[in-house]
Structures are given as C-alpha cells and as structure tokens.
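**Student:** The structure follows.
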Amino acid sequence: MNDAPTLTCANHPGVATSLRCNKCEKPICAKCAVRTPTGYRCKECMRAHQQSFDAAFNTARWYDYLIALLVPALLSLAVSIGVVFVTFLVWGLIVLILAPSAGELIARLTQAALRKRRSRALYRLVAIGVVLGALPVSLFMLITGGWFILLWEVLYLVIAVPVVYYRISGIRLS
C-alpha cells in the first residue's frame, strides 16, 4: 500500500505529478519541466541559471558597444559603395557570390577591433551596424530611382547580416 501523499504541480495545482525540480525540489508537471542532461528543472531555476550564465558570458567593456556599432557600419558602407560599382561595371549577380565573403570580412575585422570580447548585445549591435552602414547608399538609390542597384543592396544585406551575426557570435555555419 502506498501512503505517500499525491503531489501536485506548484504552478498548476490541479495537475498531479511525480516530478520534482532537481535543483529546488519543487513539484512540477510535464508542462513546467525543462529537461536537462542532469534531469528535470523548473522554468524558474532554468531562468536563474541562464541569467548567471549571461552575466559570466559578458566580457564587453563600455566602449565595445560603440566599436560594435561603428566598425561594421563603416565597413558595410564601403561594401555598399562597392556593390554600386560592381553592379554598374560588371553584373549584379557577383553581389550574391561576394556578399558572404564581405560578411565574413566585416565579422573578422569587427571581432579583431573588439579583441574577442563578447556580449549578446554586441552581436545585435554589429548586425545593426551592418544595416546602418548600407543605409546611406540604399537611401540614395531609393531617392534617385536606382531600383536595380537598390535590389542588389538589399540582397547584400539579406546575405551579409546573418553571416556577420553568426560569425561574430561564434556559431559556425559550415
């Protein structure tokens, strides 16, 4: 005979459970459980763990945020001007081939400028910097009616921004 009291989920009092968070021992149901390599945890413990990880992961200094915005913006501006010349002189399809390499170059040079310090906010600022750098050329093409070149500018951004973001954040696409 089993005389143990029936446990109910701490977040859903009407749901019976036999699971407990392996950190805080709180009873949790399957909806509240997060599976980890060491067992199940409640969402609150997982959130606290993620926050402590984010704090330890952040090695950026205050000026890195400026670098993360300005360096990719200037590099992207140069690439955007290059897109205009390539489109005029050669053919726009070259942009599709060179955009990933341009993204890789922007990421590497920005990473060198940041001296490999990291933060989630830095990654986002780098991506924003790439877009801001291409903005003057794109706006000029929009105002002057250079729709064909604007199309290639947008394609450059669609390809280069994810490459820069994933490369700078340490995620390998290959």
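The values are calculated or read from the model by the stated rules, or taken from the named source; none is laboratory data. None of these values were measured; they are calculated from a predicted model. Don't worry about glycine lacking a Cβ; one is built from the backbone with ideal geometry, like all the others, and counts go over all protein chains shown.
**Student:** Can you find, within region 43-67, the residue that is modelled with the lowest pLDDT among those that are among the charged types (D, E, K, R) and more than 27 Å from residue 130 (Cβ to Cβ)?
**Tutor:** 47
**Student:** Would you confirm whether any residue within region 154-164 is more than 29 Å from residue 60 (Cβ to Cβ) and touching a residue at least 24 places away in the same chain (Cβ under 8 Å)?
**Tutor:** Yes, because at least one residue in region 154-164 is more than 29 Å from residue 60 (Cβ to Cβ) and touching a residue at least 24 places away in the same chain (Cβ under 8 Å).
**Student:** Taking the condition touching a Pro at 6+ places or on another chain (Cβ under 9 Å) and within 23 Å of residue 67 (Cα to Cα), does residue 121 pass?
**Tutor:** Here the answer is no, as residue 121 does not meet what is asked.
**Student:** For the structure I just gave you, tell me whether residue 118 is assigned by TED's automatic domain parsing to the domain that holds residue 150, at pLDDT 90 or above, within 27 Å of the chain's Cα centre (by Cα) and of a type outside the set (A, V, I, L, M, F, W, C).
**Tutor:** no
**Student:** Identify, from the list 107, 134, the residue that is closer than 16 Å to residue 167 by Cβ, surrounded by 20 or more Cβ atoms within 10 Å (Cβ to Cβ) and modelled with pLDDT of 85 or more.
**Tutor:** Going through 107, 134 in turn, just one is closer than 16 Å to residue 167 by Cβ, surrounded by 20 or more Cβ atoms within 10 Å (Cβ to Cβ) and modelled with pLDDT of 85 or more: 107.
**Student:** Still on this structure: Would it be correct to say that residue 79 is under 27 Å from residue 169 (Cα atoms), at pLDDT below 90 and surrounded by 15 or more Cβ atoms within 10 Å (Cβ to Cβ)?
**Tutor:** Considered against the rule, which asks whether it is under 27 Å from residue 169 (Cα atoms), at pLDDT below 90 and surrounded by 15 or more Cβ atoms within 10 Å (Cβ to Cβ), residue 79 comes out as no.
**Student:** For region 82-95, name all the residues that are surrounded by 14 or more Cβ atoms within 10 Å (Cβ to Cβ) and outside any helix (DSSP H, G or I).
**Tutor:** Hit for region 82-95 is 92, nothing else.
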